[in-house]
1. Test TRP112 against the criterion of being outside any helix (DSSP H, G or I) and open to solvent by less than 40 Å² (accessible area, probe 1.4 Å), and give yes or no.
2. Go through region 42-59 and give me each residue that's part of a helix (DSSP H, G or I) and either closer than 17 Å to GLU96 by Cβ or at pLDDT below 85 (or both).
3. State yes or no: is GLU206 at negative phi and not hydroxyl-bearing (Ser, Thr, Tyr)?
4. It is to be established whether one or more residues within region 177-192 are out of contact with any Leu (no Cβ under 9 Å at 6 or more places or on another chain) and at pLDDT below 95.
5. Just give me the residues in region 208-249 being open to solvent by less than 40 Å² (accessible area, probe 1.4 Å), assigned to a loop (DSSP other than H, G, I, E, B) and at pLDDT 95 or above, in sequence order.
6. Please find, within region 121-151, the residue that is surrounded by the fewest Cβ atoms within 10 Å (Cβ to Cβ) out of those that are more than 26 Å from GLU96 (Cβ to Cβ) and in contact with a Lys or Arg (Cβ under 6 Å, 6 or more places away or on another chain).
7. I need every pair where a residue in region 187-207 that is closer than 13 Å to ALA239 by Cα and assigned to a loop (DSSP other than H, G, I, E, B) has its Cβ under 8 Å from the Cβ of a residue that is modelled with pLDDT of 95 or more and of a type in the set (Val, Ile, Thr), sequence separation at least 6 or different chains.
8. Could you tell me whether PHE11 is surrounded by 16 or more Cβ atoms within 10 Å (Cβ to Cβ) and closer than 26 Å to LYS247 by Cα?
Amino acid sequence: MIDKNVGVCHFSTESYQMDFLGQFPLSAIGNYLLHTASFHAAKHGFGYDEMTGNNTAWVLSRIAIEMFEHPLQLNGLNIYTWVTDVNKFFTNRCFEITDSTDKTLGYAHSIWAAIDMETRRPTLLNIEKLKDVFSNRACPIEKPGKIIAAETDDALYEPYKVKYSDIDINGHLNSIKYIEHLLNLFDLDMFRNNYISRFEISYISEGHFGMDLMLYKKALENNKYSLSICHEGKAICRASVTWTKSKNK
């Protein structure tokens, strides 16, 4: 029996959404996670309309996604979500990703903050209201943690300018676009021979239209990479990705 405070959204995976391997890419999964979070928040009275009515907005601070396997073409997806913790400024939201038969494909653990839409500064959360939607459902992956900086002299890097298609409804660089641009630092052979078993990102500051960025990639041990997006020498996000050899390779 599903906890009444656990929300779920059902999605179809169409062929036009797939990557060149016929798999549902991590960025698309990320979009579905955000859609499910928005749906669940709105259902419980702290969604987009309610927040903007108070001149506030949710911002994603950190997220870690672990996948056991990536969904294939034309297999539907279910995304379950629930709130596990809240303090004055942050709330923890977890996700389970399953296929159409409810086989678990992965989990995600995210941290969110509420900000004032004018000052862009954090605002206090309504802890008592959020506690009403708490769930004790487990999320068996590590929480987002400290990420090693990639913006070092020995890192590979390339420039990028923020464009129209990168901008979200709040006029800032869309959180999923950060992920897309960082994964574009890898060549196709990496995707052919491996899959992303864990991706973690920490959002530090907001990107804006026309901003000149530098994207960094630094190899670590055990097929793990540290990634950064920087503006004028300062990181606006840091991420890490762990690749695992594909089962058929």
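1. Values: outside any helix (DSSP H, G or I): yes; open to solvent by less than 40 Å² (accessible area, probe 1.4 Å): yes.
Spelling it out, TRP112 is indeed outside any helix (DSSP H, G or I) and open to solvent by less than 40 Å² (accessible area, probe 1.4 Å).
2. Of all residues in region 42-59, those part of a helix (DSSP H, G or I) come to 42-43, 48-53.
Of everything in region 42-59, those that are part of a helix (DSSP H, G or I) and either closer than 17 Å to GLU96 by Cβ or at pLDDT below 85 (or both) turn out to be TYR48, ASP49, GLU50, MET51, THR52, GLY53.
3. Numbers: at negative phi: yes; not hydroxyl-bearing (Ser, Thr, Tyr): yes.
Yes, satisfied.
4. No, every residue in region 177-192 fails to be out of contact with any Leu (no Cβ under 9 Å at 6 or more places or on another chain) and at pLDDT below 95.
5. Passing the criteria: GLY210, MET211.
6. Among residues in region 121-151 that are more than 26 Å from GLU96 (Cβ to Cβ) and in contact with a Lys or Arg (Cβ under 6 Å, 6 or more places away or on another chain), the one surrounded by the fewest Cβ atoms within 10 Å (Cβ to Cβ) is LEU124.
7. ILE204/ILE236
8. On the way: surrounded by 16 or more Cβ atoms within 10 Å (Cβ to Cβ): yes; closer than 26 Å to LYS247 by Cα: yes.
Yes; evaluated as a whole, the condition is true for this residue.
The values are calculated or read from the model by the stated rules, or taken from the named source; none is laboratory data. What you see is a predicted model, and the numbers here were worked out from it, not measured in a lab. Cβ sites come from the backbone with ideal geometry, for glycine too, and all protein chains shown count toward neighbours. Keep in mind that these areas ignore ligands, DNA and RNA; they rest on the heavy atoms of the full protein, side chains included. Shrake-Rupley method; radii C 1.70, N 1.55, O 1.52, S 1.80 Å.
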